[in-house]
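Q: Have a look at the structure that comes next, please.
The values are calculated or read from the model by the stated rules, or taken from the named source; none is laboratory data. Given the structure is predicted, the values throughout are model-derived calculations rather than measurements. Neighbour counts are summed over all protein chains in view; Cβ atoms, including those assigned to glycine, are modelled from backbone coordinates with ideal geometry.
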Amino acid sequence: MAKMILSMDGLVLKEIQLNKERLTIGRKPHNDIQIDNLAISGEHAVIVTILNDSFLEDMNSTNGTLVNGQPIKKHFLRNNDVVELGKYRLKYMAELQVGAGTPSEYEKSSAIRSSAIRPQDLQLVEHGTRSNVAPAAAAPAPSAMPAAAVQLLNGANAGKELDLTKTLTTLGKPGLQVAVIAKRPHGYFITHVEGLQFPIVNGQALDAQAYRLNDHDVIEIAGIKMEFFLKS
Amino acid sequence: MKKLASALEMVTSTDPGLVRGQNEDAVFADAGLGLAILADGMGGYNAGEVASGMATTLLAANFAQFMATSPMRDAESMQADVMHQRLLAEISAVNMAIFQAAESQPRYAGMGTTLVVACFYDNRMSVAHLGDSRLYRLRGGYFEQLTKDHSLLQEQLDSGMISPEEARYSLNKNLVTRALGVDAVVETEIHDYDVQLDDIFLLCSDGLSDMLDDTEIALTLQALADNLALAAEHLVHMANDNGGRDNISVILVRVRGDYTASRGWWQKLLARLK
């Protein structure tokens, strides 16, 4: 179960389990979390929890609700989010070890999967950009791979450089011979795609297997020679 | 059937991923039958594997038998309403088989599976699905998800409760609202699509779609369209590079030719009488 840790001036006051579908926060005594402070509105905010996900909503409070320093109206809570109400802080801790309680019959072995979400991954997501490109909670570690490029060595475009910025870069002439360079976390790999001839690397023809490129390898595809090099 | 076999190219790839010990996904593809089936099983111990395995093998076998004995003989001359009825009936039968197995054997209790089936006939495709296994289409550079997940998250998205951006971080990803084998009756969603030359269809389990962004999938399919086996392999690699948290399964179908129904004089006459 996820929880919120209430603190003020760095002093932990309370740990609140998000065990209700709707948990209210405010100054008035009927709230689930009562914070008796004039900076807090009578009904200040509410946390709605649906299974493993929690949403925070500001109830048009006078002084507003901040999440990670930004004012919000409605916010989907993520691990380690810091909610600020006046001088009070609430830190959201997502439950990573799900599986307690009876899993519904529709639940797809969620115990296994959820425990596989390591806390450090969630950290990464939080610090990382929220771009659409980062896949889910599974944002990969920022690739340690240095940038790389190929430089054409012969032909009409000799001397031209082609940066390998995409995860896949195709090279060659469609219908004749095509190869692809895949950018993966542990290196750049060249693989034959189509055509009777296979790419040649440093004078050796490849087979159907992917080949990991080394700095300054010379590749030959459809008669065009090019050099692979790392940029650093 | 020869026509289908030469008009369609199908490849499959399935991988346990990096975290799970076993593979609970099951895939089946046969270009000659014009049939692709993908199932992502759920349930403790090996029950998930049993459910997804039953789904693909039973459906494939029943379908093949139907094709062999059907008065219309081959998939090319099949009509849409006949195909729909047949698919739904076969899926219901398999649903009952899995449900009964789960009821009768304690070790299989609660097992079930997602399902996505693509059936190609007469330059068309029928897609039936349950749960969060998906079918995507790449057509002329435009990549689109044709199935809509039966999942809690999709319901939250539909009701505007959560934005697509936030949904990527939801911990409720793996809760499906429909599945095969969990109840005595099943509400299968089925739709028809036209098929064009060089369309590429991707059937996949959430082990792929959760780990990869649509743009990455689209890029891979575009770049490697001429080598489907390599494309499937690369998709699995990328999902594993991103963590491989779940079983990853992929079926790719490329339309290489025309497979219009062969309408003899008898069919034409029948069509005119209708």
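Q: With the condition kept exactly as written, say whether any residue in segment A:185-204 is surrounded by fewer than 19 Cβ atoms within 10 Å (Cβ to Cβ), closer than 27 Å to B:I217 by Cβ and in contact with a helix residue (DSSP H, G or I) (Cβ under 7 Å, 6 or more places away or on another chain).
A: Checking segment A:185-204: at least one residue is surrounded by fewer than 19 Cβ atoms within 10 Å (Cβ to Cβ), closer than 27 Å to B:I217 by Cβ and in contact with a helix residue (DSSP H, G or I) (Cβ under 7 Å, 6 or more places away or on another chain).
Q: Taking the residues in segment B:157-209 that are among the aromatic types (F, W, Y) and crowded, with 22+ Cβ neighbours inside 10 Å as candidates, determine which candidate is nearest to B:A109 (Cα to Cα).
A: Quick first cut of segment B:157-209, residues among the aromatic types (F, W, Y) only: B:169, B:193, B:201.
When the remaining residues are screened for being crowded, with 22+ Cβ neighbours inside 10 Å, the result is B:169, B:201.
Working: B:Y169: 31, B:F201: 34 Å.
So, considering only residues that are among the aromatic types (F, W, Y) and crowded, with 22+ Cβ neighbours inside 10 Å, the one nearest to B:A109 (Cα to Cα) is B:Y169.
Q: Output the residues belonging to segment B:84-116 that are surrounded by 23 or more Cβ atoms within 10 Å (Cβ to Cβ) and farther than 14 Å from B:G41 by Cβ.
A: Within segment B:84-116, just B:I91 meets the criteria.
Q: Check B:D132 against each of (1) closer than 18 Å to B:V253 by Cα; (2) out of contact with any Lys or Arg (no Cβ under 7 Å at 6 or more places or on another chain); (3) not in a helix (DSSP H, G or I) and name the one condition it does not meet.
A: (1)
Q: With respect to the numbered conditions (1) at pLDDT below 95; (2) out of contact with any Ser or Thr (no Cβ under 7 Å at 6 or more places or on another chain); (3) surrounded by fewer than 24 Cβ atoms within 10 Å (Cβ to Cβ); (4) not in a loop (DSSP other than H, G, I, E, B), which one is the sole condition not fulfilled by B:F120?
A: With (1) at pLDDT below 95; (2) out of contact with any Ser or Thr (no Cβ under 7 Å at 6 or more places or on another chain); (3) surrounded by fewer than 24 Cβ atoms within 10 Å (Cβ to Cβ); (4) not in a loop (DSSP other than H, G, I, E, B) applied to B:F120, the lone miss is (3).
Q: Now a separate question. Looking at segment B:90-104, is at least one residue farther than 27 Å from B:L33 by Cα, touching a Leu at 6+ places or on another chain (Cβ under 8 Å) and not in a loop (DSSP other than H, G, I, E, B)? Give the steps one after another, and end with the answer.
A: Within segment B:90-104, the first condition is being farther than 27 Å from B:L33 by Cα, and the residues that meet it are B:100-104.
Among the residues that remain, those that are also touching a Leu at 6+ places or on another chain (Cβ under 8 Å) are: none.
Looking for residues that are farther than 27 Å from B:L33 by Cα, touching a Leu at 6+ places or on another chain (Cβ under 8 Å) and not in a loop (DSSP other than H, G, I, E, B), one finds none in segment B:90-104, hence no.
Q: What are the residues in segment B:19-48 that are under 16 Å from B:F63 (Cα atoms) and part of a loop (DSSP other than H, G, I, E, B), if any?
A: Passing the criteria: B:A31, B:G32, B:L33, B:G34.
Q: When segment B:216-248 is examined, which residues are found to be in a loop (DSSP other than H, G, I, E, B) and of a type in the set (A, V, I, L, M, F, W, C)?
A: Let us first name the residues in segment B:216-248 that are in a loop (DSSP other than H, G, I, E, B), namely B:224-227, B:242-247.
Within segment B:216-248, B:L224, B:A225 qualify.
Q: Something else: Is it true that some residue in segment B:255-266 is touching a strand residue (DSSP E or B) at 6+ places or on another chain (Cβ under 9 Å), more than 30 Å from B:S104 (Cβ to Cβ) and either among the polar types (S, T, N, Q) or at the interface with chain A (Cβ under 9 Å from one of its Cβ atoms) (or both)?
A: Initially, segment B:255-266 is screened for residues touching a strand residue (DSSP E or B) at 6+ places or on another chain (Cβ under 9 Å), giving B:255-257, B:259, B:261.
Next cut, more than 30 Å from B:S104 (Cβ to Cβ) only: B:255-257, B:259, B:261.
Still in the running and either among the polar types (S, T, N, Q) or at the interface with chain A (Cβ under 9 Å from one of its Cβ atoms) (or both): none.
Taking every residue of segment B:255-266 in turn, none turns out to be touching a strand residue (DSSP E or B) at 6+ places or on another chain (Cβ under 9 Å), more than 30 Å from B:S104 (Cβ to Cβ) and either among the polar types (S, T, N, Q) or at the interface with chain A (Cβ under 9 Å from one of its Cβ atoms) (or both).
Q: Shifting gears a bit: Give segment B:37-62 a look and list any residue that's in contact with a strand residue (DSSP E or B) (Cβ under 6 Å, 6 or more places away or on another chain) and either without any contact (Cβ under 8 Å) to a residue 40 or more places away in the chain or of a type in the set (A, V, I, L, M, F, W, C) (or both), or say none.
A: At the first step, the residues of segment B:37-62 found to be in contact with a strand residue (DSSP E or B) (Cβ under 6 Å, 6 or more places away or on another chain) are B:37-42, B:48-49, B:51-53, B:55-56, B:59-60.
Within segment B:37-62, B:I37, B:L38, B:A39, B:M42, B:E49, B:A51, B:G53, B:A55, B:T56, B:L59, B:A60 qualify.
Q: Just to be sure before I move on: is A:I72 touching a strand residue (DSSP E or B) at 6+ places or on another chain (Cβ under 7 Å) and more than 21 Å from B:A167 (Cβ to Cβ) in the structure I sent? Before you say what the answer is, go through the steps one by one.
A: On the way: touching a strand residue (DSSP E or B) at 6+ places or on another chain (Cβ under 7 Å): yes; more than 21 Å from B:A167 (Cβ to Cβ): no.
No.
Q: Working only within segment B:44-69, note down all residues that are within 13 Å of chain A (Cβ to nearest Cβ) and farther than 15 Å from B:L130 by Cβ.
A: Of segment B:44-69, the ones within 13 Å of chain A (Cβ to nearest Cβ) are B:44-49, B:51-52.
B:G44, B:Y45, B:N46, B:A47, B:E49, listed by residue number.
Q: From the residues in segment A:154-185 that are assigned to a loop (DSSP other than H, G, I, E, B) and within 8 Å of chain B (Cβ to nearest Cβ), which one is nearest to A:G223 (Cα to Cα)?
A: My answer is A:P174.
Q: With the requirement that a residue be acidic (D, E) and at the interface with another protein chain (Cβ under 9 Å from one of its Cβ atoms), what does segment B:195-213 give you?
A: Pass one, segment B:195-213, residues acidic (D, E): B:198-199, B:206, B:210, B:213.
Across segment B:195-213, the qualifying residues are B:D206, B:D210, B:D213.
Q: For B:G34, indicate whether it is farther than 20 Å from B:D206 by Cβ and in contact with a strand residue (DSSP E or B) (Cβ under 6 Å, 6 or more places away or on another chain).
A: Details: farther than 20 Å from B:D206 by Cβ: yes; in contact with a strand residue (DSSP E or B) (Cβ under 6 Å, 6 or more places away or on another chain): yes.
Criteria met by B:G34.
Q: What tally of residues in segment A:57-87 results from selecting those that are farther than 13 Å from A:A45 by Cβ, surrounded by fewer than 17 Cβ atoms within 10 Å (Cβ to Cβ) and basic (K, R)?
A: Number of matching residues: 1.
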